[in-house]
Structures are given as structure tokens and as C-alpha cells.
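Take a look at the structure set out below.
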Amino acid sequence: MDVSNFISQFFSPAAWSLIKSLGECFMSPTGFLIWTTLLKSALLLVIILGLVSYTVYAERRVSALIQDRLGPNRVGWQGLLQPVADAAKLLLKENFTPKSANYFYFRLASKLAMVPPVLVLGVLPFGSSLFGVPMTIASVNVGALYVLAISSISVYGIVLAGWSSNSKYPFLGGIRSSSQMISYELSLALSLIPIFMLVGSLNLNQIVQYQIVHGWMIAPFWPQGMSLDTLLHPLALLEAFRAGCSLQRVLIWIPLFISFILFFISMFAETNRLPFDLPEAEQELIGGYHTEYSSMGFALFFLGEYTAMIAGAGVITTLFLGGWSLPLVPDGSHGWFWGLVNIAVFFAKVIVILFVFIWVRWTIPRFRYDQLMKLGWYFFFELAVANIFLAALILTYVKR
Amino acid sequence: MIVNRKKLNWVERLYLPAIIGGLAITWKHFQRSLLGKGVITMQYPEEKWDAHLPEWYRGAPTLVKDEHGREKCVSCQLCEFICPPRAITIEPMEIPEGDPWRKVEKAPRAFDIDMARCIYCGLCEEVCPEQAIFLRKDYSITGLNRNEMIHHKEKLYELGGVMTGLVFKWNEKK
């Protein structure tokens with residue numbers, strides 16, 4: 001018996017035709033795109049917010065362990081419910097606005113700090129595909145450019161917070177943030193150009209596809225046509241390497257590795273993490289731009305900062321560490337299980353980078369202000385430009 | 001004194017080797033702490049200092065009784081006078097007729113120590129001619145208001161308990 005006929009018995013003809021047309025609307029290409037995109041957005045947001053709260057927890061635990069302490073271990077098993085307690089605390093606190101602050105901009109700033117990092121997540125391919133649905137919210141052709149453009153907007157939140165608080169420490173934090181941005185943003189963008197030259201596209205999905213074929217950007221030696229069978233036969237493996245290898249592919253590794261180092265270090269400045277956390281600088285500026293914020297206003301800055309960390313880690317993963325791909329692991333077109341594995345691989349890589357962020361925080365002391373400027377202008381900018389020319393020379397003159 | 005800075009060579013000026021060395025050190029600490037070694041944090045309410053306190057620890061001042069069950073304090077009020085923050089208040093009383101220790105003449109009717117004022121200096125213990133007041137190992141003194149922070153006589157004897165090995169200077173007296 002036909003299922004749709006069976007179900008239609010329970011509805012009046014008019015209602016059934018409405019349901020059918022609704023269903024058709026849902027399954028039409030446009031409708032399908034809309035509801036899957038909405039679902040993906042909601043899913044990603046839930047994952048990211050969960051990840052954010054547990055990154056805060058991990059930050060506290062890892063920093064404690066590095067300093068030979070224990071960290072929060074009271075709320076729930078090993079303190080795993082600590083983020084819930086923190087959220088409850090922040091929600092219940094008084095949302096205080098200083099009398100001298102500019103109310104509108106003061107309130108707007110905390111939202112501006114939260115929104116851009118979330119927007120960046122929109123173009124990141126966080127998985128291959130699940131049931132035929134690509135796991136990118138928006139696969140846009142200017143993906144990498146979009147990421148750079150949007151992530152620099154988050155500075156406005158900080159600058160605005162610093163200005164509208166009408167207080168000296170936030171003001172200093174805001175000024176520091178804006179001048180810090182000028183010095184690192186150049187090298188952040190320029191360091192990516194060798195990748196675009198190599199791949200020939202700004203689309204993050206295509207960059208990931210390139211890395212599946214040619215190997216990750218930090219080690220682009222993956223031979224083409226590699227599979228489990230070739231791996232088990234040494235001769236076939238050797239043959240695959242010989243076929244896929246060329247002088248160009250070995251040499252291009254040098255500029256790509258320099259790119260990786262530059263981008264990774266600039267990412268610390270982008271996300272206001274130590275050793276470049278000058279806008280916050282707890283010891284000097286009492287938290288910098290968010291000194292005057294309390295309750296959810298502060299929580300939004302906090303969330304924004306950690307979402308920016310996750311988005312930054314996602315960008316590094318996508319551009320340099322092969323995105324959701326893992327050698328020998330098939331993509332989502334081989335079944336939903338592999339689709340889920342790809343998503344898990346992406347977030348595992350992100351978590352590893354987040355750990356490195358935290359690890360570095362407790363290793364390197366804060367740069368002095370002029371040192372950061374010097375590093376950005378005298379060193380990173382020149383290195384990034386030279387790196388572009390190096391990559392161009394290798395791509396043009398060395399035989400592939 | 002002028003300290004001459006060592007001229008750094010170009011590898012040192014890259015700072016990357018130093019940063020990697022630093023990362024190795026922090027990783028070593030992380031790994032050691034993860035395995036539970038090196039962490040010396042005491043889980044406070046469950047684990048307490050009690051077992052680790054030295055014999056001479058100056059905790060809360062208490063009153064003690066001797067083996068005969070006699071309260072050692074004779075209400076001379078020396079501790080009350082010497083107490084720097086004036087935390088001690090004593091109300092003396094004559095020992096009534098018929099008491100076996102009538103010859104001691106005086107005992108405290110009330111003996112209050114305001115623990116909100118006490119500075120644990122131990123001068124009361126030092127000045128006491130009767131070995132009646134001792135600073136014991138209780139350090140966690142809490143209360144919800146000022147009145148709860150005052151230790152009355154009963155509480156002081158409860159904390160002090162019986163102290164043995166003291167001089168019985170009243171036993172021989174008639």
C-alpha cells in the first residue's frame with residue numbers, strides 16, 4: 001500500500017493538497033536549500049556555543065595544569081558543569097551601564113564584538129557532506145576574502161567599547177586595538193596570497209579539495225591517487241610518490257610554511273590573545289576595553305573573543321591543515337557515517353589549535369607596544385611580501 | 001652597576017628557538033600535572049591542615065581543665081589586661097562554700113573571647129600564671145554575625161578539653 005495514500009486518509013482533501021504543496025515546496029531546490037541552510041546554521045551555532053563555553057573551561061583547566069594547579073574541579077565531575085554555572089552567574093548579574101557612558105554605543109559595542117566571529121563561521125567548510133547536503137553554510141567564491149573582511153570588523157566592537165565607556169582604561173585599550181589591527185592585518189592578508197596563487201581560487205571548499213588531492217598546505221607532498229591499497233604495497237607507494245613528486249612541489253613547501261607561521265602568529269593578534277593581548281592586558285589596563293561591562297555585556301565580549309578564537313582556528317584548519325579531510329578517510333558521498341567522521345575531524349583539528357592557543361598563552365609574555373608595531377611593520381610585512389615573490393618565482397620558473 | 005647586555009646572534013634574535021624551548025617547558029609542566037604529579041593543591045573542605053599543623057601552632061585560644069576536672073582559670077584577669085585587641089572579657093566569681101576547691105577562692109562566672117577581635121598573638125597563654133589558657137589548633141572560626149563569633153565559657157572549655165602534665169600548684173595548699 002502506498003504510504004502517501006495511507007496518510008491522506010486522515011486529512012480532508014483540501015488539507016491534504018495543502019500539505020502536499022508544502023512538501024513539494026520543501027523539497028523543491030530553493031526550498032530545500034533554505035531549510036537545510038537554516039538547519040545547518042542552527043546546528044553550527046549550537047556546536048560553536050557549546051565549544052565556546054568548554055573552551056573557556058579548557059582554558060582554565062589547562063592553564064591551571066601548566067601552572068601546577070588543578071583549576072575548577074568542583075561543579076560536576078572534574079568541574080565539567082562549570083560553564084553552566086558561569087553562564088547562570090553572568091545571566092543573573094546586574095547589567096550596569098556607567099552614568100558617563102554613551103548608552104547606545106556602549107550597548108552596541110558588545111553586540112558588534114560578538115557578531116563578526118559568528119559570521120565568519122558561515123563560510124567555513126566544517127564537513128564534507130551529510131545525506132548529500134554540503135556541510136558549508138555558504139560556499140561563496142570570495143570565501144577567504146570574506147573571512148578577512150569580516151574578522152577585521154570585530155575591531156569596531158572593541159574600539160567602540162573603548163570610546164563609549166568614557167573611562168581611561170577602556171579608552172587606552174580601544175586605541176591599542178585599532179593600532180594593533182593596522183600592524184598585523186597586512187601580514188595576515190598578505191601571508192595567504194601564496195595559497196591563492198597555488199590553488200587559483202578564493203573558495204574555501206576548493207582550497208580544501210586541493211589539499212585532499214595534493215596534501216595539506218603545511219606539507220603538500222601527498223601523492224595523487226593514494227589509497228589504502230597503495231599504502232600496503234611499498235612498490236606502488238613508491239610509484240605514487242614518484243609520479244606525484246616534482247621539484248616545484250618540494251620547493252613550494254618553503255613559502256607555504258612561512259605563510260603558515262605568519263598567519264598563525266597574526267591570528268594571535270587578530271584574536272587578542274597573548275602574546276598580543278595589548279587591548280585587554282589585565283595587569284596594565286584592568287581588562288582594557290571591557291572594564292566597564294558587567295553581566296551579559298561582558299559575556300558577549302567573552303563569547304565573541306572565544307568564538308573568534310574558534311573561527312580563527314577553523315580558518316587555519318581550512319587553509320593549512322586540510323580542513324575536514326584526513327588522509328585515507330573517504331568523504332560524505334560514501335555514506336552518512338563518513339560525513340559525520342569528516343565533521344569530527346574538522347572539530348578535532350580546531351580543538352588541537354585551540355589547545356595551542358592556550359598553551360602559547362602561558363608560555364610567552366606580552367609584547368611591549370612598540371615591539372608589536374616593530375614586529376608587524378618591520379618584519380612580518382616585509383617577510384609576507386618577499387614570501388609572495390618567492391612563491392611566484394617557484395610557481396613560474398620551477399618545472400612542475 | 002652596569003650590566004653589559006650580551007650581543008645576540010641572529011638565531012637568538014629570531015626568538016623562535018627560545019619560544020619553542022619555552023613551549024617545551026610549559027608542556028612538561030602540563031604533562032606532569034595531567035598525570036597528577038607535581039600538583040600539591042589541597043582539596044580544602046575535605047582535606048584539612050589539621051594533620052600537618054605543628055605542635056606550637058597558634059590557633060583559637062581555649063580554656064582547659066586538669067585531670068581532676070578542675071577548671072584551671074582563677075579569674076586573675078591578667079589575660080584580659082594584656083590582650084592587645086581587648087578580645088577577652090572575664091566576670092570573676094567567688095567559689096561557693098562547700099566546693100572542694102574553695103581554697104582557690106575565685107573562678108570565672110563568665111569568660112568571653114570575641115573571636116572577631118582575637119589576633120591569635122598568644123600573649124594570654126604567655127601571661128597566664130595558672131596554665132589555664134592555651135592556643136589550640138582550631139583555625140576555622142566562623143559565624144553568621146558578631147554574637148556568634150564570641151566564644152563563651154562553655155565553648156572555650158569544649159575546645160580546650162583536658163590538659164595533662166600541668167603543675168598542680170593548688171593541691172598542696174590548705
* Asked: Would you say B:Y139 is hydroxyl-bearing (S, T, Y) and either touching a strand residue (DSSP E or B) at 6+ places or on another chain (Cβ under 6 Å) or closer than 19 Å to B:L78 by Cα (or both)?
  -> no
* To do: Take A:V118 and decide whether it is open to solvent by 40 Å² or more (accessible area, probe 1.4 Å), assigned to a loop (DSSP other than H, G, I, E, B) and in contact with a helix residue (DSSP H, G or I) (Cβ under 8 Å, 6 or more places away or on another chain).
  => no
* Pick from region A:316-364, criterion crowded, with 23+ Cβ neighbours inside 10 Å and farther than 22 Å from A:F263 by Cβ, ranking: nearest to the other protein chains (Cβ to nearest Cβ) -> A:N342
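Listed here are the residues, each with its yes/no results for (1) polar (S, T, N, Q); (2) over 20 Å from A:M181 (Cβ atoms); (3) free of Cβ contacts under 8 Å to residues at least 40 places away in the same chain.
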position: A:Q248; (1), (2), (3): yes, yes, no
position: A:L251; (1), (2), (3): no, yes, no
position: A:I254; (1), (2), (3): no, yes, no
position: A:F257; (1), (2), (3): no, yes, yes
position: A:F264; (1), (2), (3): no, no, no
position: A:R273; (1), (2), (3): no, no, no
position: A:E280; (1), (2), (3): no, no, no
position: A:G287; (1), (2), (3): no, no, no
* Taking only region A:50-73 into account, find how many residues are under 21 Å from B:Q43 (Cβ atoms), open to solvent by 50 Å² or more (accessible area, probe 1.4 Å) and more than 9 Å from chain B (Cβ to nearest Cβ). => 1
* Structure fact -> When every residue in region A:76-86 that is modelled with pLDDT under 85 and open to solvent by less than 70 Å² (accessible area, probe 1.4 Å) is compared, the one nearest to the other protein chains (Cβ to nearest Cβ) is A:G79
* Structure fact -> Across region B:11-51, the tally of residues that are among the polar types (S, T, N, Q) and farther than 25 Å from A:F357 by Cβ stands at 1
* To do: Report, by residue number, each residue of region A:203-223 that is within 30 Å of A:Y146 (Cα to Cα) and modelled with pLDDT under 70.
  => A:P220, A:F221, A:W222
* Please report, ordered by residue number, the strands (runs of 3 or more DSSP E) entirely within region B:32-126 with at least 2 residues that are farther than 22 Å from B:L166 by Cβ. => B:88-94, B:106-114
* Asked: Cβ-Cβ below 8 Å, separation at least six or inter-chain, first residue in region B:1-30 and within 22 Å of A:I265 (Cβ to Cβ), second part of a loop (DSSP other than H, G, I, E, B) and polar (S, T, N, Q): which pairs?
  -> B:I19/A:T363; B:G22/A:T363; B:L23/A:T363; B:I25/A:T363; B:T26/A:T363
* To do: State whether one or more residues within region B:34-46 are of a type in the set (V, I, T), away from chain A (no Cβ under 13 Å) and open to solvent by 50 Å² or more (accessible area, probe 1.4 Å).
  => no
* Structure fact -> Taking region B:4-31 and the residues there that are open to solvent by 100 Å² or more (accessible area, probe 1.4 Å) and part of a loop (DSSP other than H, G, I, E, B), the one that is farthest from A:S63 (Cα to Cα) would be B:N4
* Structure fact -> Condition set of a type in the set (G, A, S) and open to solvent by less than 40 Å² (accessible area, probe 1.4 Å), scope region A:237-257, selection modelled with the lowest pLDDT: answer is A:G244
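The values are calculated or read from the model by the stated rules, or taken from the named source; none is laboratory data. What you are looking at is a predicted structure, and each value in this text was computed from that prediction instead of being measured. Methodologically, a virtual Cβ is constructed for each residue, glycine included, from the backbone with ideal geometry; neighbour enumeration extends over all protein chains shown. For accessibility, only protein heavy atoms count, side chains too; no ligands or nucleic acids. Shrake-Rupley method; radii C 1.70, N 1.55, O 1.52, S 1.80 Å.
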